[in-house]
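The values are calculated or read from the model by the stated rules, or taken from the named source; none is laboratory data. All of these numbers come straight from a predicted model, not from anything done at the bench. In this analysis, Cβ positions are derived from the backbone assuming ideal geometry, glycine residues included, and neighbour counts consider all displayed protein chains.
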Amino acid sequence: MADMFDLYSAFLHNYKNAIDTVKKCSGTNPQFKKIVSTIVVNLQTEQSLTLEDLLHKPVARVQINALVFNDLLRETPPNHPDHQPLRQAQKIIQMFLNQFNVVNQRLPSESNRNLRRMVRNSFIVELVDGHRKLRHLFLFNDVIACAKYKALGRDRIDYELKWFIPLKDISIYEEADPAAELKESSPANISQVKRNLRSVRDQLALEAASNSGGGTVRSGDKYRRKLADLESQLVLATPNLVLRLGNKANNKTMTFFLSSDFERTQWIDSITSLKQKCNLPGANTINALEVTAFIVAMQKGMKTEMGSYLMRNTNDESLLVGDLHMGVQGLQGLEQPTDLYICIEVDSYGHYFRKATTKMICRSQTPLWNESFMLELEGSQNVRILLYEAKERPLLRAKHILKLSLSWLTETTQTRSIKLSETLELGCSFRFVPGELCRATTKPGALFGAKMSQVLKREKRDIPFIISACIREVERRGMLEVGCYRVSGSASDLSKLKKAFESDAYEAEQLLREVDIHSVTGILKTFLRELPEALFTDQLYPRFFETFSAFSNNNEAIRTSELLKVFEELPQANKASISLILDHLIRVHEKEADNKMSLHNLAMVFGPTLLRPGQTQVKQKDPLAASTVDVMAQAGILYCFLQARIKKD
Amino acid sequence: MASRKKSLLKVIILGDSSVGKTSLMNQYVNKRFSNQYKATIGADFCTKEVVVNDRVVTMQIWDTAGQERFQSLGVAFYRGADCCVLVYDVTAPNSFKNLDSWRDEFLIQASPRDPEHFPFVVLGNKVDLDNRQVSTRRAQQWCQSKNDIPYYETSAKEGINVELAFQTIAKNALEQEAEADVVNDFPDQIILNSQNNRPGNPDNCQC
């Protein structure tokens with residue numbers, strides 16, 4: 001029989017063509033259809049077969065043979081003389097099947113319902129005896145199978161089948177059963193892992209910066225391995241949406257954790273619809289080896305669908321970390337008015353998480369959302385845009401996966417039109433702010449009250465981390481807040497933040513995300529005020545003050561240009577920080593309608609924060625009057641700078 | 001005795017930004033309320049003649065920028081205050097929590113003779129808004145714990161309790177004044193002020 005394989009192979013390859021031809025002819029020629037339907041072969045079993053079934057016979061035979069050998073092998077003791085030949089035969093068939101399936105899986109699925117085909121597959125987190133395990137779940141049209149990854153050396157992965165459930169025996173539990181034990185024996189500390197990850201990433205970047213000309217790669221590799229290890233911990237720990245599958249045959253339940261509701265719905269829908277269509281005879285036994293063979297066969301064509309991190313090669317730096325500002329504008333190309341909303345999901349080390357949902361726009365043919373979102377990227381590659389129609393059960397109208405890449409993402413906003421389907425186009429805008437390294441500060445007093453130059457030297461940056469981190473956080477969620485920068489934060493938050501920034505920058509950044517937004521603005525103002533020398537420097541303060549006082553409000557233009565000249569004399573580092581702050585304040589001001597922060601208010605708040613006389617310059621004669629005049633001037637000077645910047649744009 | 005009393009009372013209003021300090025002063029002095037959202041620059045004062053205990057006194061009310069905590073104005077501004085009004089916004093829990101630090105800071109900067117009994121008045125402003133977050137009980141408890149500070153709930157917008165609150169402020173300020181008179185012979189104030197004006201202080205050199 002082994003020699004006949006080629007013949008079988010030819011037949012199998014032709015099988016699709018034959019069926020197609022039969023179908024095509026039946027479709028175009030009623031007479032042919034009639035003939036086909038009359039070709040009925042009577043076998044001894046009294047079972048009648050159609051031409052299609054007949055053509056399928058040899059196909060089935062190959063599979064059956066594989067099964068027979070399998071069973072034989074299982075029943076034959078290893079010391080039996082037949083064992084060796086049987087094993088060989090099985091191997092040959094297996095190889096043949098593997099070879100064939102690689103080709104065959106690309107067959108259009110509708111061509112034959114009897115042929116096993118893969119419907120969905122994805123890596124997934126399964127809860128096994130209280131532990132989260134990484135698995136790969138395969139849904140075929142007749143069986144669902146779960147496999148374990150086995151690393152086979154460099155960049156190669158094999159699968160080891162853990163279990164399978166025939167489709168007819170599957171039951172789905174969408175909701176977590178409160179009675180069911182979902183206890184995890186050792187739940188991971190996600191924030192701890194993220195924190196470690198952050199520090200390893202910083203180390204790597206430092207490494208890269210220090211030996212950009214090559215040199216020691218080995219310690220870099222060590223960090224990279226550590227990075228991969230931490231990332232895989234995250235992959236296991238982060239999903240928390242439960243999906244449970246039951247096996248009616250043995251009443252066992254399998255529990256999975258998924259990250260996105262979209263994925264969960266897709267799995268459930270696929271299984272449900274397959275079950276409805278499923279008209280396979282119940283006698284079809286499914287065998288573990290056969291399933292394994294299929295899985296192995298699928299493997300080659302699957303790489304792209306797998307968790308990004310698994311197939312990641314060590315030099316691949318494509319996972320993004322930072323903030324993605326995404327604007328959702330309007331949708332074009334609807335045929336009729338519908339109730340629509342959009343969900344945005346972002347992947348993080350392979351898992352997608354829902355990050356934002358737009359409001360629903362009712363009965364519009366050209367829905368316009370004009371909403372913007374701040375999406376936090378952490379180990380991300382893609383953004384998934386899902387267009388839903390509001391119904392009793394939301395109906396997915398279209399989806400699009402947008403690959404995020406530094407090749408097109410920039411720190412300036414850019415608009416893109418995204419084709420969600422043949423006809424639907426969604427206007428979007430994107431701005432990416434890369435995440436920054438946060439290097440731990442060491443001792444108390446090293447930040448608040450320390451000199452700007454020392455802070456920058458220790459942090460090895462152009463802008464103190466605390467400034468950029470606070471600004472980023474305000475832009476994330478504070479721009480529409482009434483009294484942004486005016487309203488005070490809570491004293492206890494401020495002292496917590498202060499402590500955090502002095503001890504561990506990562507901790508501080510986490511805390512920034514949790515505290516009241518006014519505490520974020522408060523800590524920034526505190527830092528600036530506690531600098532021993534204000535950003536506009538002690539040395540130049542009298543010059544700013546005199547220049548401002550020398551011109552009246554009527555000479556605004558000259559006054560501003562003279563002030564700008566003095567500004568140029570500031571040290572580079574100060575100019576950089578001031579510019580960043582001013583640009584940010586202008587963005588705050590652009591939202592005045594919401595946050596009520598006029599230029600006057602912003603200048604009032606930041607004038608005395610950024611400009612103040614040095615300790616030795618304070619005139620003591622009439623401190624009250626002098627300081628009030630000073631404060632007026634400080635606010636006035638900042639007002640000039642803010643206006644100059646607006647005009648420049 | 002009465003003739004020796006000052007007829008000018010210095011009242012200082014403190015509290016977080018945008019709790020309504022300026023609005024309260026405006027409501028009390030000018031009977032006006034503006035919806036304008038405007039931060040106060042430095043400090044400003046208004047005066048108003050009030051009758052307390054059958055005496056006409058001038059109340060000098062200092063409105064401050066909640067923003068610039070004690071930095072630019074500092075000691076000079078707080079000195080000689082007869083009463084300190086602490087304002088918070090009943091819809092902003094933080095502004096209530098920060099009352100502690102405003103009170104402490106005032107006592108440090110103003111260094112009144114008898115900090116334990118210096119007259120404070122606490123105003124919970126914006127009671128006209130419906131998203132109240134600090135309960136009356138909580139505020140009263142805090143006031144009780146600080147030597148029974150008088151507490152009023154006000155709305156600068158609707159003019160609720162503003163008049164009443166400032167009457168109490170004037171009364172308490174005057175009482176402080178009266179008590180101060182008893183110890184009038186002690187020259188503390190002169191010493192404190194003279195520090196700033198001491199001849200030969202290099203910082204003071206005008207040449």
Query raised in the report: Just wondering, is there one or more residues in the stretch B:79-86 that are in a strand (DSSP E or B), within 14 Å of chain A (Cβ to nearest Cβ) and among the β-branched types (Val, Ile, Thr)?
Result: no
Requested in this report: Name the strands (runs of 3 or more DSSP E) wholly inside the stretch A:349-449 in which the number of residues that are crowded, with 16+ Cβ neighbours inside 10 Å is 3 or more.
Outcome: A:351-357, A:368-380, A:382-389, A:395-403, A:425-434
Requested in this report: Return the residue satisfying two criteria in turn: it lies in the stretch A:360-393 and is of a type in the set (Lys, Arg) and at pLDDT below 90, and of such residues it is farthest from the chain's Cα centre (by Cα).
Outcome: A:363
Report summary line: Reported set for the stretch B:117-167 where residues are surrounded by 19 or more Cβ atoms within 10 Å (Cβ to Cβ) and of a type in the set (Val, Ile, Thr) is B:121, B:122, B:127, B:134, B:149, B:154, B:162
Query raised in the report: Can you name every residue in the stretch B:31-51 that is polar (S, T, N, Q) and more than 22 Å from residue B:174 (Cα to Cα)?
Result: B:34, B:35, B:36, B:40
Report task. Scan the stretch A:483-517 for residues that are touching a residue at least 24 places away in the same chain (Cβ under 8 Å), among the hydrophobic types (A, V, I, L, M, F, W, C) and within 13 Å of another protein chain (Cβ to nearest Cβ) and jot them down. Result -> A:484, A:487, A:494, A:515, A:517
Query - Lone qualifier among B:48, B:10 - being more than 14 Å from chain A (Cβ to nearest Cβ), in a strand (DSSP E or B) and at pLDDT 90 or above - result: B:48
Requested in this report: Could you list all residues from the stretch A:508-533 that are outside any helix (DSSP H, G or I) and farther than 16 Å from residue A:484 by Cα?
Outcome: A:531, A:532, A:533
Query raised in the report: Of the residues in the stretch B:94-151, how many are on the phi > 0 side of the Ramachandran plot and either more than 17 Å from the chain's Cα centre (by Cα) or within 12 Å of another protein chain (Cβ to nearest Cβ) (or both)?
Result: 1
Query - Residue among A:588, A:566, A:520 that alone is away from chain B (no Cβ under 14 Å) and within 27 Å of residue A:462 (Cα to Cα) - result: A:566
Report task. Would you mind stating whether residue A:563 is touching a Ser or Thr at 6+ places or on another chain (Cβ under 6 Å), within 28 Å of residue A:198 (Cα to Cα) and part of a helix (DSSP H, G or I)? Result -> no
Report summary line: Pairing a residue in the stretch A:554-579 that is hydroxyl-bearing (Ser, Thr, Tyr) with any residue that is in a helix (DSSP H, G or I), where Cβ atoms lie under 8 Å and the two sit 6 or more apart in sequence or on different chains, gives A:560/A:640; A:560/A:641; A:560/A:643; A:560/A:644; A:577/A:452; A:577/A:467
**Report entry** Lone unmet requirement of (1) more than 24 Å from residue A:132 (Cβ to Cβ); (2) modelled with pLDDT under 75; (3) hydroxyl-bearing (Ser, Thr, Tyr) for residue A:273
**Finding:** (2)
**Report entry** Tally of residues being within 20 Å of residue A:615 (Cβ to Cβ) and at pLDDT below 90 across the stretch A:498-528
**Finding:** 0
Query raised in the report: Would the stretch A:117-137 turn up any residue that is more than 18 Å from residue A:236 (Cβ to Cβ), modelled with pLDDT of 85 or more and either touching an Asp or Glu at 6+ places or on another chain (Cβ under 7 Å) or in a strand (DSSP E or B) (or both)?
Result: no
